[in-house]
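Structure, as C-alpha cells:
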Amino acid sequence: MPRECWFLPTALLCAYGFFASLRPSEPFLTPYLLGPRKNLTERQVFNEIYPVWTYSYLVLLFPVFLATDYLRYKPVVLLQGLSLIVTWFMLLYAQGLLAIQFLEFFYGIATATEIAYYSYIYSVVDLGMYQKVTSYCRSATLVGFTVGSVLGQILVSVAGWSLFSLNVVSLTCVSVAFAVAWFLPMPQKSLFFHHVPSPCQGVNGIKEPKPDRLLGLKVLWNDFLICYSSRPLLCWSVWWALSTCGYFQVINYIQGLWETVMPSRHAAVYNGGVEAVSTLLGAIAVFAIGYVKISWSTWGETTLSLCSLLIAAAVYVMDTVGNIWACYTSYVIFRIIYMLLITIATFQIAANLSMERYALVFGVNTFIALALQTVLTLIVVDASGLGLDITTQFLIYASYFALIAMIFLIGGVVSVVKKYRKKEDPESSSQATTS
C-alpha cells in the first residue's frame, strides 16, 4: 500500500485520539462536583448522577454500533467529538442535579461512540497494516490520558490552578480533537453494510451501490455465530465481559472512595498522579507480556482465576485499610493486573478470528459487560435500589471478583485435567497395539 494511503488517516486519527483523551480535569471530577461550584451531595453524585452514565452507555451501544458501520465511521467520530464538547461545556456552566444528569447522558454518547474510533482505521487501510495502525491508535489514547493526568496533577499541586480552570483546558483539548476529526478521509467501505473497495486499493470510478440492510444484518449475525462457536474465544470473552463489568464499577466510583478516605477539602489530593502512574506501569506490563511464553490453552483459565483473586484482594484492601496511600497503591495494582489480563484476552480472541470481526466481538463483549453493570448499578448503587454507601459498594465489588476467580478456577482445573488425559491416552493406546 502506498505510504500516503495509510499514513494520513492514521496520523489524523492518532491526533484525534490524543487530544480527545487529553482531559486533565477528569481525575478530579468527583472533588469538582462535590465542591462549592456545583455544591452537590455525595448521595446525589454517587447514587443519582454517576449511574446515568451506565444506563446511557448500555442503551446507546448497540444502535451506535450499527450506525457506525452503516454511516461509515467518520460521522460517528464527529458525534463523539461533539458529545465531549457538550459534556465539558456543561461541566463548566450547568447547575443542579438534573443538568448534571443530562451531562452524564452526553458522556454516555461519547463513550458509546468510541467503537467508531477503534474501527474507523480498518476501513481505510489494507489488512496487512491492521496490527500496526491498531497499536498506533491505542497508544495515542494511552499517551493522551497519561499526559492529561500528569498535567492536571501539576497544575493543581504546583501551579495552584482551580478545578474549574482544569475543565477549561479539557474543553479546549476536546475542541481541538473535534476540529481534527473534520479532516479525516470519508471511508468508501465498512465491515458489514458497505463492501466497495477503497480508492487506495486501486479501484476508481466505481459508483457505490446502496447498502443492503438485510444482507448486512445477516452477515453480522453469521459472523456472531462463527465467532462464539469457538470455546477458547468464548472462554476469554466471558472473562472479558465479567471483569470489565467490575472494572467499570471500580474506576467509576474510585474517586468517591478516595474522597471518603481523604476528603479533598481537608488535604491535597493526588488523583491525577495516581491515574498517570497506574496507566504508565500498566503499559509497561502490557509491553512485557508480549515476551512471555506460556501455553494459554492449558493455563489460561488458571491464570485468569489467580489474577482475578489478586484483583479481589486489591479492591478489598483499598476499601478496608482506611489509608489513602494504601488505597492509591491498591488501585495501581488493580489497574495493572486488569490491563495485563485484558491485553492477553485481546491476543487470544484475535488469534481465533480476523480483525474485521474484532469490532463485532469488542461490541458484544462490552454490551454484555454493560448489561451486567447495569444490573449491579440498579441493585447496589442507584438511589431507587439499595443505594449503598461507597465502602459497602467496594466490599461487594471485591466479592464479585472473588466469584469470578472461583468460576475460572473450576474451569482451569477441568482444562488442565483434560489436557493431561489427552497426553496419556496415545501412550496407553500405543502400548496396547505393541503388545
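The values are calculated or read from the model by the stated rules, or taken from the named source; none is laboratory data. Values in this document were obtained by computation on a predicted structure and should not be read as measured data. Please note: Cβ atoms are built from the backbone with ideal geometry, for glycine as well, and neighbour counts cover all protein chains shown. We work out accessible area using only protein heavy atoms, side chains counted, and drop any ligands, DNA or RNA first. Shrake-Rupley method; radii C 1.70, N 1.55, O 1.52, S 1.80 Å.
Just a few scattered comments:
- Note on segment 353-369: among residues that are aliphatic (A, V, I, L, M) and in a helix (DSSP H, G or I), the one that is modelled with the lowest pLDDT is Met355.
- Among the residues examined, Leu151 does not qualify as touching a helix residue (DSSP H, G or I) at 6+ places or on another chain (Cβ under 7 Å) and in contact (Cβ under 8 Å) with a residue 60 or more places away in the chain.
- Residues of segment 173-191 that turn out to be exposed (fewer than 14 other Cβ atoms within 10 Å of the Cβ) and assigned to a helix (DSSP H, G or I), as a count: 1
- The numbered conditions (1) out of contact with any Pro (no Cβ under 9 Å at 6 or more places or on another chain); (2) of a type in the set (Gly, Ala, Ser); (3) open to solvent by 10 Å² or more (accessible area, probe 1.4 Å) are all true for Gly17 except (3).
- Every pair of residues 6+ apart whose Cβ atoms lie under 8 Å, when the first sits in segment 367-380 and is farther than 17 Å from Ala398 by Cβ while the second is outside any helix (DSSP H, G or I): Leu378/Ser384; Leu378/Gly385
- Highlighted here are the helices (runs of 4 or more DSSP H) found entirely within segment 37-144 that include at least 3 residues which are modelled with pLDDT of 90 or more and touching a Leu at 6+ places or on another chain (Cβ under 8 Å): 74-93, 97-112.
- Cβ-Cβ contacts under 6 Å between residues 6 or more apart (or on different chains), taken from a first residue in segment 224-246 that is over 17 Å from Leu372 (Cβ atoms) and at pLDDT 70 or above to a second residue that is in a helix (DSSP H, G or I) and of a type outside the set (Lys, Arg), are listed as Leu233/Ile349.
- Just so you know, in segment 370-418 the residues that are modelled with pLDDT of 85 or more and among the charged types (D, E, K, R) include one that is least open to solvent (accessible area, probe 1.4 Å), and it is Asp382.
- Flag if Ala350 is small (Gly, Ala, Ser), assigned to a helix (DSSP H, G or I), modelled with pLDDT under 90 and in contact with a Leu (Cβ under 9 Å, 6 or more places away or on another chain): no
- Residue identified as β-branched (Val, Ile, Thr) and open to solvent by 10 Å² or more (accessible area, probe 1.4 Å) among Val125, Val143: Val143
- Contact map, segment 299-324: residues that are farther than 22 Å from Pro232 by Cβ paired with residues that are among the polar types (S, T, N, Q) and modelled with pLDDT of 90 or more, Cβ distance under 6 Å, separation 6+ or inter-chain. Pairs shown: Ala314/Ser330; Val317/Ser330; Met318/Ser330; Asp319/Thr391.
- Considering segment 247-273, and only residues there that are without any contact (Cβ under 8 Å) to a residue 60 or more places away in the chain and not aliphatic (A, V, I, L, M), the residue that is most open to solvent (accessible area, probe 1.4 Å) turns out to be His266.
- When Gln80, Gln101 are checked against the criterion of being surrounded by fewer than 21 Cβ atoms within 10 Å (Cβ to Cβ) and closer than 30 Å to Glu42 by Cα, Gln101 stands alone in meeting it.
- Count - residues of segment 20-59 that are of a type in the set (A, V, I, L, M, F, W, C) and within 17 Å of the chain's Cα centre (by Cα): 5
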